[in-house]
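Down below is the structure, laid out as structure tokens.
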Amino acid sequence: MLTDKLKQLIRQSYKAIGENLSNFNPRKQQTFLIAEIAKTLAGEYSKDRKIITIEAGTGTGKSLAYSLGAIPLALARDKKVCISTATVALQEQLVDKDLPFLKQYAGLKFDFALAKGRQRYVCRQKLSHAVTTDSPQAGFTFAEKPKATDIRTLNAMHKALNDGSWLGDIDSWKTPVPHHIWSQIQSDKHSCLKTLPDHQHCPFHKARETMEQAHVLVVNHSLLLADLELGGGRILSAPDETFYIIDEAHHLPKITREHSSASVTLRGAIDWLTKLRETGDKMAKLIKSQRAISPALKLSDDCQDLLIEMQKVLTFVDNNASLYFLNNKNLENKSLENKNLKNNNFNNKDEQVYRFDNGIIPKVLKNWAEDCFELSKKSLSHLNKLYTALIEAVKDGDCQMYLAEPVLGEAGFMLQRLENLQALWHMYAKTDSDKAAPMARWLQKQDPTKNSARHDYLLCASPIEVGFTLEDKLWSQCEGAVLCSATLLALNSFDHFRFQAGLKSNDGSQYQQVTSPFDYQKNAQLVIANMTNEPSAIQFTDELIEKLPKYLEQGNSSLVLFSSYWQMEKVAQALRDKTKLDITVQGEHSRQHIIESHKKRCDNNKESIIFGTQSFSEGLDLPGHYLNNLIITKLPFSVPTSPVEQAQAEYISAKGGNPFMSLSVPDTSKKLVQACGRLLRNEMDEGVITLMDKRVVTKRYGKQLLDSLPPFERVFEK
């Protein structure tokens, strides 16, 4: 329960914020959110399920709301607050603006830190080794030979790290660092260990010390999931000691699915497995102990057996490649030993992807998967024993660090690869439950490279649904959680998101929709254009070219959103030739350049037009006079082109459902709300939204999509 003292503290903090924030207007939506978040996390609604999901419209001030609703309670109960976001922009806003302001004026004593993944930091020892050896190539496995500019970068980094002008994270380095260079000097969990004296002052470990002292951590969804995958509390604070704020929560299910997937190139894996035995032998020689003999021999034997099984899989795929990766029509009269190898699942015009129907793979491949899983599991265990023994040898002084360092780094690469290999074969060996969605499993053909004249094959697997993962690793383990976004409802219901995120409606979890304080009726007009053609008609593009100039006259700062690059470019070129309009097109310049140029033109009272695609419909902030005319050329339906999306649609169909109504329409509803959300960013903003897709008035789902939008004044053209 919230004590009267804590309630009073929150009220005083909110009042202090208002007194020091320019143009601050107390908003009932914001105070309501603060109270609901605080009561939920305090256990007033449910002592066992302290979870609230909130859709907070633009302008509600949700970052201040969840900060004041969670931080005072966390401080009082000695808990941590972990704020997880999907974008760097929001992380920067929280760390550089919102939290410093709150700390300075709210009367709350707390420390905060931005937590990044280990691989965002340089390893001091690796960097030192790279610049102090006679050749930067020595002791490293550079994928590409360092150029003179790369060597200068390494030396500059080393100097800056030593004189304290650089904290050691890649994000704060002044110029882009080539991946093939950074991958050799970044911190990794296998060789950059705090227990080793030479690594105790590495930037990553110094950052972690700061994190341990912080009351509030700001992370991204990927780092949060990485911690949960390790059991929670290994990178971040322990779940049962943490209040989680999941901002931009609509991204969480997709990122969770991506994080839970695995892929392996067959020929590539065989190449590095061939070198694995050499790595084991190097470690055994350095350890100089009898206890290294057994795991080294076992690693060699199991690795050899794993290579044999992997070669069987590669030969099988090679032999059936002409059947997997040919046009469907050529397969109608062909037969394979297993009926599950029907190739009717291509997802691009080059026919480079084959998806197994319903996730069911040939029996012979499943048998090999089971063997590969067991052998990769054993190999991983043997290599871990050698790795631990070598670490102990260094600690005991039986092996010099400069000798162990390159071998530990090499072993680290191998351990990560083996972990991924084991995960992939586990998903292929697993028998799917009849009561749950199957695993999506597919093959992807890769073109020959400069190192190989033959095709390789990417073997992939991913869960279709990840709600159970989030429930198992997060919701059932955490002290409390707040999930929020401006777009969580689909068709005015939490059901779609709830299912994706593994939440329930009857277990004590709370749900709130908080509308924006904006006066939509007064400030914005939604125009449904009178279009002759539907977007699927070949004449649609020509109609856009004909009618867009009229709608561009509705404002002097316009954003036109398209569903495809080719259509956007064709329309832009036609209008440039026909009307001489000055149009800025996404892809012709960087996003930052486009926005800066647009704002400059608007500030100089010049007309400015941006053409963009889906990525410009989310996270683009153009307040006030920077945007007063938003045109959406087509409803943002997305075709299920990825193997995972196809597998999900297939699963829904198999259960008798309608994938279009179950997946496509709810997803489009959220995207349409996001797109319309570009127009009004502040309470004083005004403008027009034009929707040039007649399906909102001709299709059954059209009314549902319109009804899910804010209550703009609607105009249906005739």
Revision key, fill the gap. When (1) in contact (Cβ under 8 Å) with a residue 40 or more places away in the chain; (2) within 24 Å of H221 (Cβ to Cβ) are applied to Y520, the one that fails is (2)
Review point. Can you name the condition, by its number, that G657 falls short on among (1) closer than 25 Å to Q500 by Cα; (2) touching a residue at least 40 places away in the same chain (Cβ under 8 Å); (3) outside any helix (DSSP H, G or I); (4) not basic (K, R)?
Key: (2)
Review point. Is at least one residue of the range 44-58 without any contact (Cβ under 8 Å) to a residue 60 or more places away in the chain, more than 26 Å from R678 (Cβ to Cβ) and of a type outside the set (K, R)?
Key: yes
Point to revise | Evaluation of D507 against (1) over 28 Å from E650 (Cα atoms); (2) among the charged types (D, E, K, R); (3) assigned by TED's automatic domain parsing to the domain that holds G231; (4) assigned to a helix (DSSP H, G or I) (one fails), failing number | key: (4)
**Study point:** Hits in the range 455-469 - residues which are surrounded by fewer than 23 Cβ atoms within 10 Å (Cβ to Cβ) and not in a strand (DSSP E or B)
**Key:** H455, I464, E465, G467, F468, T469
Revision key, fill the gap. Picking from E645, E607, the residue that is more than 21 Å from A249 (Cα to Cα) and out of contact with any strand residue (DSSP E or B) (no Cβ under 6 Å at 6 or more places or on another chain) would be E607
**Study point:** Output for the range 475-493, where each listed residue is hydroxyl-bearing (S, T, Y) and either part of a strand (DSSP E or B) or within 17 Å of F637 (Cα to Cα) (or both)
**Key:** S485, T487, S493
Check your understanding: Can you tell me which of F540, F562 is within 31 Å of the chain's Cα centre (by Cα), at pLDDT 95 or above and closer than 16 Å to M692 by Cα?
Key -> F562
Exercise for review: Go through the range 170-222 and give me each residue that's of a type in the set (A, V, I, L, M, F, W, C), under 26 Å from L94 (Cβ atoms) and part of a loop (DSSP other than H, G, I, E, B).
Suggested key: W173, V177, C202, A214
Practice item. May I ask you to say which residue of T40, T53, T60, T31 is part of a strand (DSSP E or B) and among the hydroxyl-bearing types (S, T, Y)? Key: T53
Check your understanding: Taking the range 351-406, which residues are within 22 Å of Q184 (Cα to Cα) and of a type in the set (S, T, N, Q)?
Key -> N384, T388, Q400
Study note, to complete from the structure: Taking first residues from the range 630-644 that are in the same structural domain as L544 (by TED's automatic domain parsing) and part of a loop (DSSP other than H, G, I, E, B) and second residues anywhere that are surrounded by fewer than 24 Cβ atoms within 10 Å (Cβ to Cβ) and modelled with pLDDT under 90, the pairs with Cβ under 6 Å that are 6 or more apart or on different chains are T641/N347
Review point. Any residue in the range 571-580 that is in contact with a Pro (Cβ under 6 Å, 6 or more places away or on another chain) and in a helix (DSSP H, G or I)?
Key: yes
Review point. Given L252, L236, L228, which one is over 19 Å from E465 (Cβ atoms) and buried (at least 17 other Cβ atoms within 10 Å of the Cβ)?
Key: L236
Review point. If you go through the range 423-435 one residue at a time, how many are surrounded by fewer than 20 Cβ atoms within 10 Å (Cβ to Cβ) and within 24 Å of the chain's Cα centre (by Cα)?
Key: 2
Study note, to complete from the structure: For L548, the lone unmet condition from (1) surrounded by 16 or more Cβ atoms within 10 Å (Cβ to Cβ); (2) in a helix (DSSP H, G or I); (3) modelled with pLDDT under 95 is (3)
Practice item. Exactly one condition in (1) in contact with a strand residue (DSSP E or B) (Cβ under 6 Å, 6 or more places away or on another chain); (2) in a helix (DSSP H, G or I) is not met by L663; state its number. Key: (1)
Practice item. Please work out if A647 is within 26 Å of the chain's Cα centre (by Cα) and either touching a residue at least 12 places away in the same chain (Cβ under 8 Å) or under 30 Å from S557 (Cβ atoms) (or both). Key: yes
Review point. If you scan the range 235-262, which residues turn out to be closer than 27 Å to F373 by Cβ and not aliphatic (A, V, I, L, M)?
Key: P253, K254, T256, R257, E258, H259, S260, S261
Review point. If you go through the range 647-654 one residue at a time, do you hit one that is in a helix (DSSP H, G or I), surrounded by fewer than 17 Cβ atoms within 10 Å (Cβ to Cβ) and out of contact with any Gly (no Cβ under 7 Å at 6 or more places or on another chain)?
Key: yes
Review point. Taking the range 474-500, which residues are at pLDDT 95 or above and either of a type in the set (A, V, I, L, M) or not assigned by TED's automatic domain parsing to the domain that holds L33 (or both)?
Key: L474, A481, V482, L483
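Yes or no, residue by residue, for (1) touching a residue at least 24 places away in the same chain (Cβ under 8 Å); (2) in the same structural domain as I185 (by TED's automatic domain parsing); (3) crowded, with 21+ Cβ neighbours inside 10 Å:
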site	(1), (2), (3)
A65	yes, no, yes
G69	yes, no, yes
V81	yes, no, yes
S84	yes, no, yes
E92	no, no, no
K97	no, no, no
R124	yes, yes, yes
S128	yes, yes, no
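Could you tell me how many of the residues in the range 680-696 are among the aliphatic types (A, V, I, L, M) and at pLDDT below 95?
Of the residues in that region, 2 qualify.
The values are calculated or read from the model by the stated rules, or taken from the named source; none is laboratory data. Worth saying up front: this structure is predicted, and the values here are computed from it rather than measured. Positions of Cβ are generated from backbone atoms using ideal geometry, with glycine treated the same way; all protein chains shown enter the neighbour counts.
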